[in-house]
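The values are calculated or read from the model by the stated rules, or taken from the named source; none is laboratory data. Predicted model only: the values in this text are computed from it and were never measured. Virtual Cβ from ideal backbone geometry, glycine too; neighbours counted across all protein chains shown. Heads up: the accessible areas ignore ligands, DNA and RNA and are worked out on the full protein's heavy atoms, side chains in. Shrake-Rupley method; radii C 1.70, N 1.55, O 1.52, S 1.80 Å.
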Amino acid sequence: MMRSFEDDPLTRAILPPLNESPEARHARERAEAEAKNISDEIDEQIRRERESDRRKKKPVKLLLLGQSESGKTATLKNFQLTYGHKEWAQERSAWKMVIFFNLVRNVNTIMDILAREMSNSAHATDSDESSDEARFGNSPLAFKEKHRLLKLRLGPLRRIQTDLERRLGSSAVEPVSTSVYTAAPFGNSTRSDGGTLRHEFYINSNNGWKSALDKVKVTMRPGRADIASDSLRKIRGVDDEISEVIAGCRDDMKAIWEDTTIRKMLTVTKTKMEESPGFFLNDVERIAVNDYEPTDDDIIRARLRTLGVQEYRITFDHGRSVGQEWRLYDVGGTRSCRAAWYPYFEDVHAIIFLAPISCFDEKLAEDRRINRLEDSYLLWRSVCSCQLLARTQLILFLNKTDLLEKKLMGGVRVRDHVPSFGDRNNDLPSAARYFQAHFRDILKQHSPIQRPFIVHLTSVIDTRATAVTLAAVEESVLRHNLRRADLM
Ligand SMILES: Nc1nc2c(ncn2[C@@H]2O[C@H](COP(=O)(O)OP(=O)(O)O)[C@@H](O)[C@H]2O)c(=O)[nH]1
Ligand SMILES: [Mg+2]
């Protein structure tokens, strides 16, 4: 027997009652309309969530820009430490050789100066004592037998540096001075020559520092144990030897760094070891041991030069974009490398621009005539005014604030290098505020379309503080992306 429509209990329940009053009917219709609104809203919400899921799958692309030694690679390492910890942990032991290399290079730099000054002062005693006095005032550097012995005993570190240089490849070599490049050679490029640039500077899919690290890695790759075991044993042997030589030089390395005559020599020759890239001399006691394991902070501070443009992929393991892939592009910052940046501008979501504000009294390594802060201003201006980047979010890191503070406390005066600074207080807050205002003015004046000024004061070797900054960056990049997608 067929059941009539009205027989269905559910249908019956939602049918209007037969003897409904006009008021009751009105109330019912209102309630129904409201229910429909809510239901539509839920549908819309589901649609939006699906859309955002779809969008989420697209990688977020972030480009790191800034002059050489501004802290780009260190920032990238912070991203990996904070959001891709598993891979970070796997690379820890390979960093050991990079840190050894940095330390040995520090020591050899001092040895070079020592050799030069010792021979100078020997000449001075032979012929004309006054020249030495002219340089060192009333107390000429008194090199003793001790210094000669230290120089001799630290001799083996030369070979260690050469060995490590060979192992790490070109990333270990710092640039030399040339002056043929302008601050932003990409500025006049058009998209059409972008194609040729791409050929010259390709993305290193082996992952930048990773390819350098691979050269020093001694991990056993699965399935290759039999073929590789022989050469692995050899590499391990070399590594062990390097560790042993370094551990053997531990006390002597400490001794030269703590020696008052050597310190005086460094002051007189204006050598600021603490500010040199990859400075580890204060950590000799902890590092120069056979079973040394790099800490997170050591890895952040380790220096490998970045060549060309390199892509790093990090799938965020927590935070708002958990599961989301971020592609970070790290670039070489010397003037000669900057032409290679342009092709990457096209589809990048955001740029972190690093300006090391401690550099107001320094010159570029690749061009000694150019003040480093001026170079950052010029570079920032060309990034701000770039048409291709008009809708790209710019995030400015005023970096190396720790070094800036130290410098100012040490008595270096900003106004001596930046006359317009005038009579402001010679301290971190005033200097940071002053530099920041300059960067803001450039952004306001040169952006093709109005854009917000997003700025963070950073010291990217401080991993904890940087994790907080990166969370803010993540938030603003995601927000900006949503807004941009809504517009399109
Ligand atoms: N003290 C200090 N050193 C920094 C800071 N940022 C970077 N460095 C150091 O400066 C050197 C250059 O940094 P790096 O990230 O390699 O610069 P890049 O050339 O822009 O990639 C490295 O030795 C870093 O450890 C900072 O905020 N404070
Ligand atoms: Mg770099």
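List of remarks:
- Residue tally, condition over 14 Å from K272 (Cα atoms) and hydrophobic (A, V, I, L, M, F, W, C), over region 400-414: 3
- Qualifying residue in region 317-330 (condition: farther than 19 Å from E475 by Cβ and buried (at least 18 other Cβ atoms within 10 Å of the Cβ)): yes
- Options L403, L388, L394; residue that is away from ligand 2 (no atom under 16 Å from the Cβ), under 21 Å from L65 (Cβ atoms), within 20 Å of the chain's Cα centre (by Cα) and open to solvent by 10 Å² or more (accessible area, probe 1.4 Å): L403
- Residue match in region 292-308 (condition: within 16 Å of ligand 1 (Cβ to nearest atom), open to solvent by 10 Å² or more (accessible area, probe 1.4 Å) and in a strand (DSSP E or B)): no
- Complete set of residues in region 48-71 that are within 16 Å of ligand 2 (Cβ to nearest atom) and touching a Phe, Trp or Tyr at 6+ places or on another chain (Cβ under 8 Å): L62, L63, L64, L65, G66, G71
- For region 72-83, the set of residues classified as away from ligand 2 (no atom under 16 Å from the Cβ) and open to solvent by less than 10 Å² (accessible area, probe 1.4 Å) consists of Y83 only.
- Taking the criterion of being assigned to a helix (DSSP H, G or I) and in contact with a Pro (Cβ under 7 Å, 6 or more places away or on another chain), the residues of region 336-371 that qualify are R338, A339.
- Boolean, K86 is within 19 Å of T463 (Cβ to Cβ), more than 15 Å from ligand 1 (Cβ to nearest atom) and charged (D, E, K, R): yes
- Taken as a whole, the condition of being among the aromatic types (F, W, Y), in contact (Cβ under 8 Å) with a residue 60 or more places away in the chain and within 16 Å of ligand 2 (Cβ to nearest atom) applies to Y312.
- Sole exception among (1) assigned to a helix (DSSP H, G or I); (2) modelled with pLDDT of 85 or more; (3) closer than 30 Å to E474 by Cα for I110, by number: (3)
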